[in-house]
Amino acid sequence: MQDRKTDITLSVETDIKFLPLVLSFSESSSRIFGLQDADALKLTLASEEVFAYLCRMTKDPGKVTLTMVNGFYYALLTVAFEGIDFDPRAFNLTANVSPDEEGLEEMGLLIAARSVDRMSIFHNAMEGTGFALIKEKTYPAAEPWRSEEVPRAEGVTFGSPDAEEIKVFVRSIAGGYNSFVYPQDFRYPGKVVDMVESGEYGVLTARDPKGGIAGGMVWRSSGTSMIECYGPYVFVEEGRAGLAERLVAELISAVARSEAVCLMNRYATDDLPPGYFETLGTIDFALAGEKRPWKFLFRQLREDPGCRVYSHAGMEDFLKSQYKKHFLARQIVPVAYEGERQNPHSVFGAAFQHNQDLVVLLPLWDGADARENLARHIEALRAEGIANILLRIDLGHGWQARLYPVIEAGGFTPSIVIPYRGKADCVLFTLKG
Amino acid sequence: MLNVPLTTLVPEYIKKFEAYIPSRPDPELMKLYQVDHLWRLNNNENPLGPPEGSARIIEQFPPKRASIYPSGDSYYLRVKLAERFDLDPDQIIFGNGANEAIAFVIKAFCQEGDNIITADKTFAVYEWVAEFSGFEARLVPLKHFGFDDEQMLARIDERTKILFVCNPNNPTGTYWDEPKLRRFLDTVAGRQIVVVDEAYCEFVEAPDYPDGMKLLKEYPNLVTFRTFSKMYALAGLRIGYLAGSRDVVDVIRRTCIVYSVNGLAQEAALAAIGDDEHVARTRRHVTAEKSYLLRELAALGLETHAGEGCYVMVRLPMSDTLVYRRLMAKGVMIRTMTGFRFPNWIRVSIGVHDAMEAFINSLGEILAEGNGG
């Protein structure tokens with residue numbers, strides 16, 4: 001088994017003479033952690049672009065620390081730095097880099113972002129400031145599978161499956177359920193095994209006395225405050241409802257004393273028993289030309305202590321009605337832009353879920369060009385043919401709540417409040433038309 | 001302004017923890033939930049208040065005494081309790097609530113690689129303190145709502161240091177009778193420390209309920225926990241204690257924080273000891289109100305579970321955390337049980353009759369309104 005503790009670290013100065021060392025570090029360490037040639041080279045390219053960018057941005061050499069982390073199903077390269085300024089606008093999906101000298105400096109970051117599966121900026125007291133680049137391993141897709149012998153609900157025991165059982169479980173889901181009710185990772189059983197090993201996924205199965213998998217549930221941490229779950233997936237013919245309820249109760253018990261405060265069921269099946277989740281709302285979702293309702297199912301894992309949220313006057317009525325409907329005690333603090341100085345450039349992150357034909361936009365950086373920037377994103381996503389465009393803001397950040405007029409002007413309508421999804425509650429906006 | 005270099009100052013294992021955020025004070029909750037009253041049925045507090053003697057001490061506590069350090073090891077309390085339980089005062093250690101005593105014991109006996117054993121659905125603090133301190137908490141599922149002695153024994157290995165038994169169990173109210181506890185202690189045979197948490201012992205009237213204090217002479221590896229927070233209604237002053245054999249307690253004392261119990265708490269607790277009339281009055285109240293509560297809950301068609309202790313478990317047809325919010329909006333605060341690994345159950349403390357009625361009426365309305373989700 002690979003040991004997650006074996007992170008590999010390199011510290012260098014922002015001097016281009018160290019570039020060969022950085023490249024060698026990135027390539028070798030990503031291969032050690034299991035990336036195949038093509039994937040390792042892409043991550044190496046990303047590290048080259050980021051490091052070269054940092055060297056160009058620094059007048060006096062500063063310290064850069066590269067850390068390669070074994071994520072089991074991915075390699076994560078963090079590039080942390082101190083005392084270097086940079087313009088983050090190049091992280092925008094739609095960054096339009098001009099061919100002048102200044103623009104070229106930022107071109108490298110775009111190349112880096114497109115070379116990896118996920119790229120983000122971090123800036124906080126614990127981690128410092130820097131870039132996080134993730135390249136996932138390539139896994140073979142598996143054929144859906146259905147057991148010839150139907151498992152039984154009687155006498156099941158609940159527990160964590162081993163690697164081979166996880167693969168059987170995942171294949172059984174693909175064999176028994178529509179792809180709309182499970183994440184795309186499930187198409188790759190080996191990936192799910194590695195995701196469980198990395199601690200990113202949790203899996204709970206019910207085994208019948210003969211060892212057959214009668215059902216199960218999967219969960220995934222989504223930040224520290226939220227856990228997403230999927231299922232219940234039930235493979236028995238008789239006693240489905242009872243088994244489904246036991247699976248849900250077992251899952252909730254498994255995560256009840258975690259750090260998370262909320263549980264959302266992102267992919268609920270028809271077997272989900274009533275009474276365990278609250279419906280926050282439903283979004284009409286377009287998939288393969290059909291309209292499907294996407295129910296937002298939620299439950300708290302702890303007693304709600306209430307919290308303070310920021311709100312622009314434009315969405316206060318919506319928030320009040322949602323809080324009343326769901327009995328959520330909130331202190332609403334009004335915010336508005338009042339002529340204060342703003343950064344010139346904003347950043348919106350775009351999280352793609354290709355199998356759902358979905359993009360969720362997230363404001364990452366406040367800036368004076370937010371309205372134009374958001375409009376560019378919508379235009380680009382529509383041009384890509386993305387059917388479902390959502391936008392999410394965190395009401396724990398005053399600057400995000402203040403963006404409401406920009407979001408409204410972009411054609412978005414507030415649809416659902418997700419309690420404690422971020423620093424405080426989040427609002428999910430849908431795009432009109 | 002100086003930047004604190006938290007990236008280097010904070011140990012990696014601390015970076016992974018989220019701070020525990022306790023409930024807000026009642027006035028803040030009332031403001032948030034827009035209610036003008038709040039029935040507290042969440043913490044198993046004694047609605048009758050402290051014994052008369054303690055109440056008098058609290059009322060008459062001279063402000064000037066606040067400037068004087070208290071006894072660092074609750075000397076007079078230990079002497080009085082030792083007389084009552086026929087122990088040596090040095091067999092007793094006081095803490096700022098029994099939670100502190102849990103930390104003392106774990107710190108005294110566990111080191112890297114060690115484990116503790118307890119139940120999965122019990123008071124969470126044994127598990128939390130162990131896990132936060134970097135020790136494995138082995139959780140044995142309850143059997144018929146009670147601690148499973150056989151499975152607990154089966155989970156012991158060479159790195160097991162402490163077994164925690166909550167007797168009666170919070171929240172299920174089940175208890176081990178004396179023969180069962182003796183069998184357990186005999187099988188452990190002194191190889192590990194056995195903690196029996198008797199926080200609710202004064203509420204138990206069953207004749208076969210064991211008195212841990214009496215067993216200390218026979219079992220030198222036994223440590224009992226007791227508190228003044230529940231029966232004696234001194235929760236706001238934070239005072240609890242542990243007792244064990246002299247040798248074991250001498251070890252635990254090495255990890256203790258002295259002066260952690262304030263002077264008012266010590267004096268109020270001293271006045272509470274031996275007030276059997278207070279205990280009898282509280283028991284009568286709990287019995288009457290528990291009976292009322294169970295009858296009304298049955299009329300609402302709800303499954304309940306009630307054993308010993310000043311609380312009742314109720315199974316709901318909807319999320320317990322949703323019902324918490326809806327009850328709060330009606331001025332009633334209960335304990336959700338998802339955190340006890342009983343999803344969709346709540347625990348209701350026995351309060352004054354008006355509070356019990358308010359709870360039943362509010363819950364009835366919520367059930368009539370439906371899930372709302």
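Each reported figure results from applying straightforward, stated rules to the coordinates on display, with no laboratory input. All values derive from a computational prediction rather than experimental measurement. FYI the Cβ positions are ideal-geometry reconstructions off the backbone, even for glycines, and counts take in every protein chain you see.
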Any trypsin sites (Lys or Arg not before Pro) in region B:243-282 that lie in a DSSP loop and have at most 10 other Cβ atoms within 10 Å would be B:R254
In region B:266-321, the GluC sites (Glu not before Pro) that sit in a DSSP loop and have at most 13 other Cβ atoms within 10 Å of their own Cβ are B:E303
Quick note on A:I416, B:I346, ordering by fewest other C-beta atoms within 10 Å, gives A:I416, B:I346
Among beta bridges assigned by DSSP with both residues in chain B, the antiparallel ones amount in percent, to the nearest 5, to 50
In region A:307-431 the DSSP beta bridges are antiparallel at a rate, in percent to nearest 5, of 65
Taking the alpha-carbon centre of each part, the distance from region A:396-426 to region B:144-216 in Å is 51
Relative contact order of chain B (C-alpha contacts under 8 Å, at least 6 apart) in percent is 23
For A:H397, B:H144, ascending order of other Cβ atoms within 10 Å (fewest first) is B:H144, A:H397
Counting only DSSP beta bridges fully inside the protein assembly as shown, the antiparallel percentage to nearest 5 is 75
Per-residue Cβ contact counts at 10 Å, fewest first, order B:R78, A:R246, A:R382 as A:R382, A:R246, B:R78
Connecting every pair of Cα atoms under 10 Å apart in chain B and solving the GNM, the largest mean-square fluctuation among B:D26, B:D114, B:D90 falls on B:D26
For region A:15-62, listing trypsin sites (Lys or Arg not before Pro) in a DSSP loop whose Cβ sees at most 12 other Cβ atoms within 10 Å gives A:K59
Region B:26-53 and region A:327-370 have their Cα centres apart by a whole-number Å value of 40
Hydrodynamic radius by Kirkwood for the protein assembly as shown, inverse mean 1/r across distinct Cα pairs, in Å, is 29.7
The pairs in A:K325/B:K330; B:K121/B:K330; A:K324/B:K31; A:K135/A:K191; A:K42/A:K137 lying past 18 Å Cα-Cα in this model are B:K121/B:K330
Within chain B, excluding any chymotrypsin sites (Phe, Trp or Tyr not before Pro) found in a DSSP loop (not H, G, I, E or B) and having at most 16 other Cβ atoms within 10 Å, the longest uninterrupted segment runs B:21-144
